[in-house]
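Worksheet: the structure to be examined is printed underneath.
Values in this text are rule-based calculations from the coordinates and carry no lab data. If you're wondering where the values come from, they're calculated on a predicted model, not measured in any experiment. We place every Cβ from the backbone using ideal geometry, glycine too, and count neighbours over all the protein chains shown.
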Amino acid sequence: MLRNLSEYLEVDTDKKQLIDSILMPRLESPAFYSKRVISREDIYDFCELDSLPLTKYCPKCHKEYPENENFCYDCLTGLKHISDIIDVRDINIKQEFKVRGSNDFSCFENIFTPENIDKVNSFDFSIRDYKKIQNGIKRAAFKNFDDLVKSNELVLDYLDILDKILLFSKSFVEVDFKSFGPELGLYTFNRIDIDDRQSAALQITTLIHELSHFILKEIIAQILCRILDCSKNSYIEAIATFILVHAPFTRLIDEYSAHTVEGRFTMYGYQDYSSFLEIEQSLEGEMSKEEIEITKSIGNTFAISIKKILESYIDRDLREDIKTQFRMDIMDRPNYEMLMMENCENLTSEGFLKAIWLILTEGFETASMNISKLTEYENCF
C-alpha cells in the first residue's frame, strides 16, 4: 500500500530549484563562505547612547522613560523597570488545545469498539476537515501566546530572538532545560527538554524541530477526534503518540517532517538529518529505498501544514534574525551534504488523505492490541 502512494506524488518545484541552486553553482564558491562582520553600528544607535538612559517602561503602551519618571501620562499607569521584566525561561502556563465531541471516552476499552474501528477504517475525513484542524491549532496557539504576553506584561521588542522563539514554543508545550545527555533536545508527552549548553542558534532550531513533533502528534489526535466524534483527552493523545512511534514508517514520517520544518528556519548548509538517518539505519532492510522515499514525501506534506502554523509567527523578520544569530554563533563552514537528503515531492490532496488513512488504520488496529503500552503513555499526559 505504501508504494502505491507514489502515483500521487508531485514535485515541489520551488524547493527543488532552490536546493539545486545551492548544491550546483555555489558548492565551490569561496565567496559564499565569507561571513558578514557585525559592527557596533549594527547593534547600537549612537544618538541614543548620548541621550538620557531609558530604564523604565509603561506596561500598557510600552513607551520608554528615564529613571526619574514614575508615571505614563498617556495611559495613566505607573511605570516599571525594564530590568524587572520576567525571564521567559521562568514563565509557565497550561497550554490548551481543546477539542469537543459527542463522546468523552474514559478508558481504552470504550475507544477500541467494533463500531469505532469501522469508523476509522471508513475514514469519513476530507482535506477541508484537515485544514480546519490546522487553523484550529494555530488559533489556539496564538490565544495561548497572547495570554502569555499579557499576563506577564511582556514587551516583545525587549526580547532577543531565542526568547521570542522560546516564548512561542511555550504557547504549545511545556519547555524545560537539561544539562546532561547527548540529545540537543527531546520531545515527549507535550513537553520539550532542551540543552541550554548549546549556542542560541542551535537552541532555536532545536526548539522548532521538537515543536514540530508536538504539532504532528496534535494533528493526528485531532483527526482521531474528528473521525470518532469525541473530545480530546489523555487517552486519545496516548493513541496518537503510539501511532507515530510504533512502526518504522511512521517514525520516519514523524522525524523527516520535523527535520523538514527545522530546515525551513535554518541557514542553508547547516541542515541536520542525523536522527532520521539513525532510524533508517536501524531498519536493516525492513523497508525498501522506494518506500523510504515515500515516507519522506508524506513527511514533506505534513511539514507544509506545520510550517504554515509556525510561519504565522516566525515571519520574514524573525527568520532574518535567526540567520543573524547563526552568523554570530556558528563558526563552521556550511556543509551541503545533508541537502542530498532533501526530498522535493509532496502528495496531492487525494494521495495525502490515503496516506493519513494508512497511518490511522494500521496504527489504530495495532494500538488496540497494546493496551499496556497505551496505559503507560496515558499516565504521562
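Data table
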| item | result |
| --- | --- |
| Filter pass, Glu262 being surrounded by 22 or more Cβ atoms within 10 Å (Cβ to Cβ) and in a helix (DSSP H, G or I) | yes |
| Some residue of region 168-182 being assigned to a helix (DSSP H, G or I) and touching a residue at least 24 places away in the same chain (Cβ under 8 Å) | yes |
| Given (1) within 22 Å of the chain's Cα centre (by Cα); (2) surrounded by 14 or more Cβ atoms within 10 Å (Cβ to Cβ), index of the condition Pro334 fails | (1) |
| Filter result for the condition that a residue is within 22 Å of the chain's Cα centre (by Cα) and either surrounded by fewer than 18 Cβ atoms within 10 Å (Cβ to Cβ) or closer than 24 Å to Phe97 by Cβ (or both), over Ile294, Ile306, Ile322 | Ile306 |
| Residues of region 180-202 that turn out to be surrounded by fewer than 18 Cβ atoms within 10 Å (Cβ to Cβ), of a type in the set (Phe, Trp, Tyr) and within 17 Å of the chain's Cα centre (by Cα), as a count | 1 |
| Within region 267-279, considering residues that are in a helix (DSSP H, G or I) and surrounded by fewer than 21 Cβ atoms within 10 Å (Cβ to Cβ), the one nearest to the chain's Cα centre (by Cα) | Ser275 |
| Among residues of region 207-251, those that are buried (at least 24 other Cβ atoms within 10 Å of the Cβ) and not in a helix (DSSP H, G or I), counted | 0 |
| Residue list for region 108-139, restricted to those being touching a helix residue (DSSP H, G or I) at 6+ places or on another chain (Cβ under 7 Å) and either of a type in the set (Lys, Arg) or part of a loop (DSSP other than H, G, I, E, B) (or both) | Phe112, Lys119, Phe123, Asp124, Phe125, Lys138 |
| Any hit, region 131-142, residues being in contact (Cβ under 8 Å) with a residue 24 or more places away in the chain and closer than 30 Å to Glu64 by Cβ | yes |
| Flag for Ile93 being at negative phi, touching a strand residue (DSSP E or B) at 6+ places or on another chain (Cβ under 6 Å), aliphatic (A, V, I, L, M) and in contact (Cβ under 8 Å) with a residue 24 or more places away in the chain | no |
| Condition met for Gly363 (assigned to a helix (DSSP H, G or I) and farther than 30 Å from Leu167 by Cα) | yes |
| Residue identified as touching a strand residue (DSSP E or B) at 6+ places or on another chain (Cβ under 8 Å) and either outside any strand (DSSP E or B) or farther than 21 Å from Lys60 by Cα (or both) among Ile194, Ile165 | Ile194 |
